[in-house]
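In what follows, a single structure is set out as C-alpha cells and then discussed.
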Amino acid sequence: MNELTRWLRDQPSLTGTPPPLDLSDLPTDPHDLFDAWIRAAADADIAEVRAATLATADAGGRPDARTLILKGVSADGWEFAGPRSSAKGRQLADNPAAALNFWWQPVMRAVRVRGTVHEATPEESAADFGARPASSDAAPSDWVLWRLIPDRIEFWQGSHDRRHTRIVYTRDGDDWGHES
C-alpha cells in the first residue's frame, strides 16, 4: 500500500450529524422529500446546497461528471443549464440520459436522481440565460436549459454504525413507488 492510499484510509468519514428520519411518514412524491431535505440542508447552513454532480456519458459510453447548479425542480423535471457546445451539451446530444448527485456532508445526506434529459424550449433557455449574472461569457444562442426527467430518485442518510438508510423512489407511469 502506498503512502497516499494509507493516508486516504486514515481520514475520517461520515463525520456529520444526521437528523431524525421517520420512515413511517414518507411522502408519496419524491419531490416533496427533496424539498424537505434541501431546505433542511440550507437551514443547517450548508454552503452551496444547490450544487450537484451531473454524470453523463458520451456516444461511446465513457462516463463524465462535473459540478453544476440546480436551477429548478418541478413536475417538468430537474433543471440545469449550460452551453450546447460544452462537453456536457455534446454528450447529452449523443446520449440524453444523466444522473445528478447531491451530497450534504454535515447532515450525512445524499440524493441521487437518474433519468432521461430533454431540452427546454428556446424561450425557456433564453429566459434562463437572461437571469444569469452579467459576468457570464456564454453566448445566448448557445445556451440550453435542460430538464432531467427522473425514473429513479434515491435518498441516502448515513449512520455512524454504517447501517445507512436508503429510500428509493421509482416511477411507475405517472405515479411513484418507494421502498426503504
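Which of the listed residues, 155, 115, 5, is farthest toward the dipole's positive end in the chain, when Lys, Arg count +1 and Asp, Glu count -1 at the beta-carbon? Of the options given, the answer is 5. Tell me the carbon and sulfur percent of the accessible area for the chain, rounded to whole percent, probe radius 1.4 Å. The value for the chain is 49 percent carbon and sulfur by accessible area. Give the distance, in whole Å, between the Cα centre of the range 81-159 and the Cα centre of the range 1-16. The range 81-159 and the range 1-16 have Cα centres separated by 31 Å. Selection among 101, 19, 83 by position relative to the dipole of the range 1-111 gives 83 as farthest towards the positive end (Cβ unit charges, Cα centre).
Placing pseudo-labels 7 Å out from each Cα toward the beta carbon at residue 105 and residue 163 gives an inter-label distance of 2.7 nm. Where (1) 51, 37, 25; (2) 51, 47, 35; (3) 43, 39, 32 are the candidate values, the label of the one calculated here for Cα extents along the principal axes in Å is (2).
Extension gain, residue 171 to residue 71, is 33.8 nm, computed as 0.36 nm per intervening residue step minus the present C-alpha separation. Label separation (residue 3 vs residue 180): 4.6 nm, computed from points 7 Å beyond Cα along the C-beta direction.
Pick from 109, 132, 147: which residue has the top mean-square fluctuation in a GNM of the chain where Cα pairs under 10 Å get a spring? Of the options given, 132 has the highest mean-square fluctuation.
Computed with a 1.4 Å probe over protein heavy atoms only, the accessible area of residue 108 comes to about 0 Å².
Using a Gaussian network model of the chain in which every pair of alpha carbons under 10 angstrom is joined by a spring, one finds that among 158, 61, 16 the greatest mean-square fluctuation is at 61.
You can think of it this way: the chain between residue 59 and residue 90 has 10.2 nm of extra reach, that is 0.36 nm per residue less the Cα-Cα gap.
Amide H contacts for residue 115 (H built 1.01 Å from N in the peptide plane; partners 5 or more residues away or on another chain; cut-off under 5 Å): 98, 151.
The values are calculated or read from the model by the stated rules, or taken from the named source; none is laboratory data. Given the structure is predicted, the values throughout are model-derived calculations rather than measurements. So basically every Cβ, Gly included, is an ideal-geometry build from the backbone, and we count neighbours across all protein chains shown. Quick note on the areas: whole protein, heavy atoms, side chains included, nothing else; ligands and nucleic acids left out. Shrake-Rupley method; radii C 1.70, N 1.55, O 1.52, S 1.80 Å.
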